[in-house]
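Read through the structure below, which is laid out as structure tokens, and then see the notes.
The values are calculated or read from the model by the stated rules, or taken from the named source; none is laboratory data. Treat the numbers as computed from the prediction; the structure is a model and nothing was measured. Here the Cβ positions follow ideal geometry from the backbone for every residue, glycine too, while neighbour counts run over all protein chains shown. Keep in mind that these areas ignore ligands, DNA and RNA; they rest on the heavy atoms of the full protein, side chains included. Shrake-Rupley method; radii C 1.70, N 1.55, O 1.52, S 1.80 Å.
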Amino acid sequence: MAEGKDAGRIDGGAIIDAIEQALKPALGEGRHVTVLNTNDIYFEPGVYEKIRKSKPLTDAVIAAIAARPGIQRVFRSEEVRGADKSKDLLLRAAALSYFPGRSGDLVFATKPWWMISAAGTTHGSANADDQRVPLMFFGHGVKPGTYQEAASPADLAPTLAALSGFSMKAEGHPLPCVQ
């Protein structure tokens with residue numbers, strides 16, 4: 001905001017209130033949202049099944065979330081499951097963080113420069129401003145320099161193994177700083 005960017009902190013309580021208001025006409029009074037944890041929304045037992053069975057209700061809930069400041073997209077859990085190879089970068093990022101049975105019924109992606117945490121930062125969104133985390137290696141076997149190539153947390157163990165003189169079969173690969 002200080003730099004004139006569309007940025008801010010997302011009010012999780014306001015998201016829950018918006019969802020409850022969207023659900024009230026179809027499901028009546030009461031608590032329907034169990035918790036909002038970071039960008040995962042969990043519903044009370046049986047509620048999400050009722051939402052999924054009604055396209056108008058699903059659309060109303062998603063629209064209520066999407067209308068909140070800082071929200072870029074909203075995904076249903078069944079949409080995220082198995083989308084880890086998607087060309088849609090936001091959907092792919094949500095899928096890479098998705099764990100069946102632990103992740104939310106709905107998952108939202110924040111707009112760039114927005115975050116859900118009340119203080120500090122996260123590194124949990126699909127936005128480049130939140131995913132860039134510096135990593136520094138020094139010592140024997142490390143080529144001096146600054147490297148800007150994209151890396152994944154999966155690259156850390158193969159890099160450390162290579163620096164130790166070992167190779168390993170893993171999802172990631174050694175980073176280019178290894179001599």
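Overview of values
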item: Computed accessible area, Ser164, all protein chains, 1.4 angstrom probe, square angstrom; result: 80 Å²
item: Region 1-89, accessible area per residue, ligands and nucleic acids excluded (1.4 Å, Å²); result: 59 Å²
item: Gyration tensor verdict on region 1-118 (Cα atoms; rounded if a/c is under 1.5, prolate if a/b is larger than b/c, oblate otherwise); result: oblate
item: Accessible surface of Arg9 - all protein chains present, 1.4 Å probe, nearest 10 Å²; result: 120 Å²
item: Percent accessible area from carbon and sulfur atoms, the chain, protein chains only, probe 1.4 Å; result: 56 percent
item: Between 0 and 90°, nearest 10: helix 12-27 axis offset from the chain longest Cα axis; result: 40 degrees
item: Solvent accessible area, Å² - Thr146, 1.4 Å probe, full protein context; result: 120 Å²
item: GluC sites (Glu not before Pro) within region 2-34, DSSP loop, no more than 11 other Cβ atoms inside 10 Å; result: Glu3, Glu29
item: Amide H partners (placed H, <5 Å) of Thr34, local residues excluded; result: Tyr42, Phe43, Glu44
item: 16 Å Cα-Cα reach of Lys50 towards lysines, excluding residues that sit fewer than 8 places from it in its own chain; result: Lys24
item: Phe166 versus Arg132: modelled label distance in nm, points set 7 Å from Cα along the beta carbon direction; result: 3.3 nm
